[in-house]
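Readers should treat all values here as calculations from the given coordinates under stated rules, not as data from a laboratory. This is a predicted model, so every value here is computed, not measured. Don't worry about glycine lacking a Cβ; one is built from the backbone with ideal geometry, like all the others, and counts go over all protein chains shown.
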Protein chains: 2
Amino acid sequence: MIEQYPSKYLERAVGEIAKLPGVGRKTALRLALHLLKQSDETSIALAESIVQLKQNVMYCHLCHNISDSQTCDICSNPLRERDTICVVENISGVLSIENTGQYKGLYHVLGGIISPIDGIGPAQLEIDSLVERVAKGGIKEVIFALNPDMEGDTTNYYISKKLEPYNILLTTLARGISVGNELDYTDEITLGRSIQNRVKL
Amino acid sequence: MIEQYPSKYLERAVGEIAKLPGVGRKTALRLALHLLKQSDETSIALAESIVQLKQNVMYCHLCHNISDSQTCDICSNPLRERDTICVVENISGVLSIENTGQYKGLYHVLGGIISPIDGIGPAQLEIDSLVERVAKGGIKEVIFALNPDMEGDTTNYYISKKLEPYNILLTTLARGISVGNELDYTDEITLGRSIQNRVKL
């Protein structure tokens, strides 16, 4: 069914909004009609914030996190522990870990994960720059905080091989049952690992 | 928990995107990071389409549907039946009915529905302009296609009282069981009405 929109501007806006991930044409239409109802300022503020985001955001030259300056707030913060690097897939990883308030070291954003099926190999990721950071010295530990899946494990393995010569501590996030989860609903692989990696009370 | 974003541009974009209905801050962040990954053109096309939508869309001076010109494509189409007006709450109503391909008359967009609880009275809606259109003559039937709820019924009643003096046919959408729905899952009010309004096979 080809929907007939009463205005080509509406049609274009719906088309553009529907390109966002997880947004279908029905939702896009609802959002476009919502924007039409709002004041000019509200809708233009949204549009402007998107343009400004694209035009002004920079990437930290050290950790590749997004930043408003050449070096991000975390890398330039003298209170952070400079001998620990946490490797994450993308910027949301940094945000998630920062929100725990449990980590005081630095980060390294890979910008993706090794996934041959999607045509992403090590060369597309910020792996060489991580090895360079470690090679410069002063790093005691690299923590891998990638998703606990096959791509994550492959990437962990690839990078750990590259970092082996530097004789530093390589760790990964603990895997086990989630806090608040019921044992009955925990999958057997997770449960199996948490028995293997049980900790002293 | 106050989330710390690594860039004020990201923070602003997330704030603006999260103002959209049904979009929380987590989704807004996901969308903003998605836009950051896209080419400049893609993101700027989205922003521009929103600005263009706000700046260029007009409202038809007859039916108040959105339009690219003073009179919308439906009102200016000589093939539409000019003696029938379908009253809808908003623009999505027009789109929904147009998509059925079953209606060849004109529309009238109220721009809302009488809802004292939300402070919306008849004066805020395009009711006077509807009465004017009918008063000019040439209209045989007004079809009410508002939502089948209390506000819809109130609005139907209010407008039908206003249109009574003109002696035209006033109708409303048939209410009954949905095509494809199971009787067991149909609520009793709907089922009751569809027994009362049963039609000959």
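Let me check against my output: what whole-number percent is the relative contact order of the range A:78-172, with C-alpha pairs under 8 Å and at least 6 apart?
Relative contact order comes out at 32 percent.
How would the range A:78-172 be classified by its alpha-carbon gyration tensor: rounded, prolate or oblate, with rounded meaning a/c under 1.5 and the a/b versus b/c comparison settling the rest?
The shape class here is oblate.
Roughly what angle does helix B:150-163 make with the longest principal axis of chain B, taking Cα atoms, 0 to 90 degrees, to the nearest 10?
Relative to chain B, helix B:150-163 is tipped by roughly 50 degrees.
Shortest first, in nm, what separates the label point of A:N147 from those of the same position in the other copies (7 Å along Cα→Cβ)?
List, nearest first: 3.6 nm.
Taking the alpha-carbon distance from B:K26 and a cut-off under 26 Å, which lysines remain once sequence neighbours fewer than 8 residues away in the same chain are dropped?
Hits, sequence-local ones excluded: A:K19, A:K26, A:K37, A:K54, A:K104, B:K8, B:K37.
Once you've got the GNM for chain A with C-alpha springs shorter than 10 Å, pick whichever of A:L163, A:L110, A:L36 has the biggest mean-square fluctuation.
Highest fluctuation of the listed residues: A:L36.
Pick from A:I189, A:I97, A:I50: which is most flexible by mean-square fluctuation in a GNM of chain A where alpha carbon atoms under 10 Å apart are linked?
Result for chain A, Cα springs under 10 Å: A:I189 fluctuates most.
Per-residue HN-Hα couplings for the range A:142-147, Karplus 6.51 cos²θ - 1.76 cosθ + 1.60 at θ = phi - 60°, whole Hz, x for Gly and Pro?
Those phi angles translate into 10, 9, 8, 10, 8, 4 Hz.
Karplus couplings for the range A:92-97 from phi (6.51 cos²θ - 1.76 cosθ + 1.60, θ = phi - 60°), rounded to Hz, Gly and Pro as x?
Ordered by residue, 3J(HN,Hα) equals 4, x, 4, 4, 4, 6 Hz.
Which residues among the range A:125-164 fall inside the zone where the amide N is under 20 Å from a point 7 Å beyond the Cα of A:I189, along Cα→Cβ?
Residues A:144-160 fall inside that zone.
Can you give me the long-range amide H partners of A:I120? Hydrogens built in the peptide plane at 1.01 Å from N, cutoff under 5 Å, separation of 5 or more residues or another chain.
Here the answer is A:S115, since their amide H atoms fall under 5 Å of that of A:I120.
Output the antiparallel fraction of DSSP beta bridges having both residues in chain B, as a percent to the nearest 5.
20
Tell me, what HN-Hα J-couplings in whole Hz come from the Karplus equation 6.51 cos²θ - 1.76 cosθ + 1.60 at θ = phi - 60° for each residue of the range A:60-67, using x for Gly and Pro?
So the J values, rounded to whole Hz, are 4, 6, 8, 9, 6, 6, 6, 6.
What's the exposure ranking of A:V199, B:V14, going from fewest to most Cβ atoms within 10 Å?
Fewest-to-most ranking of A:V199, B:V14: A:V199, B:V14.
How do B:K200, A:K136 line up, fewest other C-beta atoms within 10 Å first?
The order, fewest Cβ neighbours first, is B:K200, A:K136.
Which FRET efficiency, nearest 0.05, do B:E132 and B:S92 yield, Cβ-Cβ r, R0 22 Å?
0.35
Decide, for the range B:8-56, between rounded, prolate and oblate: order the square roots of the alpha carbon gyration tensor eigenvalues as a ≥ b ≥ c, take rounded if a/c falls under 1.5, and otherwise choose prolate if a/b is larger than b/c, else oblate.
In terms of gyration-tensor shape, oblate.
Amide H to amide H, which residues 5 or more places from A:F144 or on other chains are under 5 Å from it, using H placed in the peptide plane?
A:V87, A:T171, A:T172, A:L173
Aspartates and glutamates near A:K136 by alpha-carbon distance under 20 Å, same-chain residues fewer than 8 away left out - which ones?
The reachable aspartates and glutamates, counting only those whose Cα sits under 20 Å from A:K136, are A:E81, A:D83, A:E126, A:D128, A:E164.
Run through the other copies and list how far each one's label point is from that of A:S92, in nm with one decimal, shortest first; the point sits 7 Å from Cα along Cα-Cβ.
Copy-to-copy label distances at A:S92, shortest first: 2.6 nm.
Only Cα pairs under 8 Å and at least 6 apart count here; give the relative contact order of chain A as a rounded whole percent.
13
Could you pull out the GluC sites (Glu not before Pro) across the range B:18-117 that fall in loop regions by DSSP (anything but H, G, I, E, B) with no more than 16 other Cβ atoms inside 10 Å?
Answer by residue number: B:E81.
Using amide H atoms built in the peptide plane, which far-off residues or other-chain residues are under 5 Å from B:Y107 H to H?
Here the answer is B:C86, since their amide H atoms fall under 5 Å of that of B:Y107.
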